Amino acid sequence: MWSQIRTTGRGPEPARPNVLSRQLYGQAVTFPGSSPPGQHGDCPQFIPLMDSIRIARRGPGRPRARPGRAMADKAYPSAASRAYLRRRRVKAIIPVKEDQKAHRRSRGRAGGRPPAFDPSRYKARNTVERCFGKLKQFRAVATRYDKRERIYQGTVDIASIMIWLRDPVP
């Protein structure tokens, strides 16, 4: 079952490819989705990525379009992302930024209840981070010289295949 979602990075490093982590085997695989240009934010890509998810069922039947839970880092705690996940009944495992916690505390009772967060499940996010580390060993992925998204996605796919062939997981 696809259980974790991690999209692109932020800050001075180049944009990361969209990745889903398969918790069953403890390996991360790239997910064909849109990755924003390096200078753009990542949060606007969250909802289109979630809309494009299709999880194959065992045996016949149409694929599921709703994962059990979505795991993201502190770049995605926006109210719109959380509301979208609530509407689709997807459990959000997203930590809250410190400034948002402080603002909620300063408002007192009017600040509302903090969103639920499961730290033990959030620790499993390191699978995705290790996948990014392996992908960044490929210079073309790390620097993103490719101008067009489909060319860059092809580069990420080839790097993923090379990682998978080098480190197969039973």
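In table form, for the structure just shown:
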item: Karplus-derived HN-Hα couplings along segment 73-90 (A = 6.51, B = -1.76, C = 1.60, θ = phi - 60°), whole Hz, x at Gly and Pro; result: 8, 5, 7, 10, x, 4, 4, 5, 5, 5, 5, 4, 5, 5, 4, 8, 6, 10
item: Cα gyration tensor category, rounded, prolate or oblate, for segment 48-170 with a/c compared to 1.5; result: prolate
item: Karplus-derived 3J(HN,Hα), 6.51/-1.76/1.60, for each residue of segment 126-133, Hz, glycine and proline x; result: 5, 4, 5, 5, 5, 5, 4, x
item: Sites R66 and K97 - FRET efficiency at Förster radius 35 Å, r taken between beta-carbons, to 0.05; result: 0.85
item: Förster radius 25 Å - calculated FRET efficiency between W164 and S52 (Cβ-Cβ, nearest 0.05); result: 0.70
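Computed from the coordinates by the stated procedures, all read-outs in this text should not be read as laboratory data. Please read these numbers as outputs of a predicted model, since none were measured by experiment. Don't worry about glycine lacking a Cβ; one is built from the backbone with ideal geometry, like all the others, and counts go over all protein chains shown.
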